[in-house]
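The values are calculated or read from the model by the stated rules, or taken from the named source; none is laboratory data. All values derive from a computational prediction rather than experimental measurement. Don't worry about glycine lacking a Cβ; one is built from the backbone with ideal geometry, like all the others, and counts go over all protein chains shown.
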């Protein structure tokens, strides 16, 4: 029960526990999905475009939540995204082209991710 309470409080949905999914906003539904992924305490969480179809505020809330869960709960988040701002929440960004590792960035910024994406074809050809 203590872990459940920690996860619910982390996603900020304590006041929405009695609501049905259709009564939740897209961002709230996304946070519920994150909570469902966390509740079993997995060591690794795979997030495929976790901010897809969310407005910028809801997307930032989901990304902050994932970042905090990695920090606070010691979980590893593996996120697939094409969004440079979303990627900048990571400790490390790995770039793939045609299924092959091309390069990576540690402590990325949105601008550094965008710069790398602009040059991805060139880097893939060299690699």
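Do you know which residues across segment 40-73 are within 9 Å of the chain's Cα centre (by Cα) and either touching a residue at least 40 places away in the same chain (Cβ under 8 Å) or surrounded by fewer than 18 Cβ atoms within 10 Å (Cβ to Cβ) (or both)?
46, 48, 49, 64, 65, 67
Considering only residues that are outside any strand (DSSP E or B) and buried (at least 16 other Cβ atoms within 10 Å of the Cβ), look in segment 74-87 and name the one that is modelled with the lowest pLDDT.
75
Just give me the residues in segment 108-127 being in contact with a strand residue (DSSP E or B) (Cβ under 8 Å, 6 or more places away or on another chain), over 10 Å from residue 84 (Cα atoms) and in a loop (DSSP other than H, G, I, E, B), in sequence order.
127
Within segment 26-65, restricting attention to residues that are part of a loop (DSSP other than H, G, I, E, B) and within 23 Å of residue 82 (Cβ to Cβ), which residue is modelled with the lowest pLDDT?
Per the stated criteria, the residue is 53.
What is the number of the single condition among (1) over 14 Å from the mean Cα position of the chain (by Cα); (2) farther than 30 Å from residue 1 by Cβ; (3) modelled with pLDDT under 85 that residue 97 does not meet?
Every condition holds for residue 97 apart from (3).
Do we have any residue at all in segment 92-104 that's surrounded by fewer than 12 Cβ atoms within 10 Å (Cβ to Cβ) and within 19 Å of residue 37 (Cβ to Cβ)?
No: segment 92-104 contains no residue that is surrounded by fewer than 12 Cβ atoms within 10 Å (Cβ to Cβ) and within 19 Å of residue 37 (Cβ to Cβ).
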